[in-house]
Every structure is written in C-alpha cells, then in structure tokens.
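Participant: Sharing a structure here in structure tokens format.
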Amino acid sequence: MLNEKIKQDKDNTIGRNIRAIRKKCGIRQTELVRELQLMDIDITRETLVKIERGIQHIQLKQLRGIRDILHVTYEELLDE
C-alpha cells in the first residue's frame with residue numbers, strides 16, 4: 001500500500017507545496033533526499049525534482065517521509 005502513487009492534480013499542488021515548505025525550512029533538495037534515504041525511502045534528487053515540477057507522481061511513503069522531515073501535516077502538503 002505504501003508504494004501506491006498519488007496522482008498530482010493539474011495545478012501541481014503537492015509538488016508546489018513541497019517545494020515552498022522545503023525552501024521555507026531552508027532545506028536543499030539533496031538534504032531532503034538524504035534524510036528520506038536514511039528512512040529507507042527509495043528516492044533520488046532527480047525524482048524529487050520531477051515531483052516538485054509535477055512531472056512524476058509521488059508515492060505514499062515518500063509523501064509520509066517528506067511530511068515527517070518537514071514537520072508539517074498532510075493538509076499543508078495537499079491543500080491549494
């Protein structure tokens with residue numbers, strides 16, 4: 001179930017929110033990816049770039065890991 005992908009909406013809400021919150025926290029993409037990998041979440045920087053741009057769907061476990069690292073709620077990541 002954690003490998004299920006969450007489809008981005010046409011406005012790329014999830015990707016835009018991840019990028020905005022990550023930047024607000026002062027975390028670079030490589031830092032976020034490293035933290036996710038330490039949590040045993042399979043992701044590369046290229047994948048994160050694609051997620052933030054809305055080119056690639058995000059996996060549930062990736063979203064959960066990002067939520068935990070950025071200390072935000074799902075609502076903050078999913079709301080427009």
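The values are calculated or read from the model by the stated rules, or taken from the named source; none is laboratory data. Since the model is a prediction, treat every value here as computed from it, not as a measurement. We place every Cβ from the backbone using ideal geometry, glycine too, and count neighbours over all the protein chains shown. The protein model used for the area step is the full one, side chains on, heavy atoms only, and it has no ligands, DNA or RNA in it. Shrake-Rupley method; radii C 1.70, N 1.55, O 1.52, S 1.80 Å.
Participant: Identify all residues within region 22-42 that are open to solvent by 60 Å² or more (accessible area, probe 1.4 Å), without any contact (Cβ under 8 Å) to a residue 40 or more places away in the chain and of a type outside the set (S, T, N, Q); write none if there are none.
Facilitator: LYS23, LYS24, ARG28, ARG34, GLU35, LEU38, MET39, ASP40, ASP42
Participant: Name the residue that is surrounded by the most Cβ atoms within 10 Å (Cβ to Cβ), counting only residues in region 43-66 that are touching a Gly at 6+ places or on another chain (Cβ under 7 Å) and closer than 10 Å to ILE14 by Cβ.
Facilitator: Our first condition is that a residue be touching a Gly at 6+ places or on another chain (Cβ under 7 Å); within region 43-66, this holds for 51-54.
Retained after the next criterion (residues that are closer than 10 Å to ILE14 by Cβ): 51-52, 54.
Working: ILE51: 24, GLU52: 21, GLY54: 17.
Restricting to residues being touching a Gly at 6+ places or on another chain (Cβ under 7 Å) and closer than 10 Å to ILE14 by Cβ, the top hit is ILE51.
Participant: So, one more: Going by the structure shown, is ILE69 touching a Leu at 6+ places or on another chain (Cβ under 8 Å), surrounded by 13 or more Cβ atoms within 10 Å (Cβ to Cβ) and farther than 18 Å from THR13 by Cβ?
Facilitator: It is true that ILE69 is touching a Leu at 6+ places or on another chain (Cβ under 8 Å), surrounded by 13 or more Cβ atoms within 10 Å (Cβ to Cβ) and farther than 18 Å from THR13 by Cβ.
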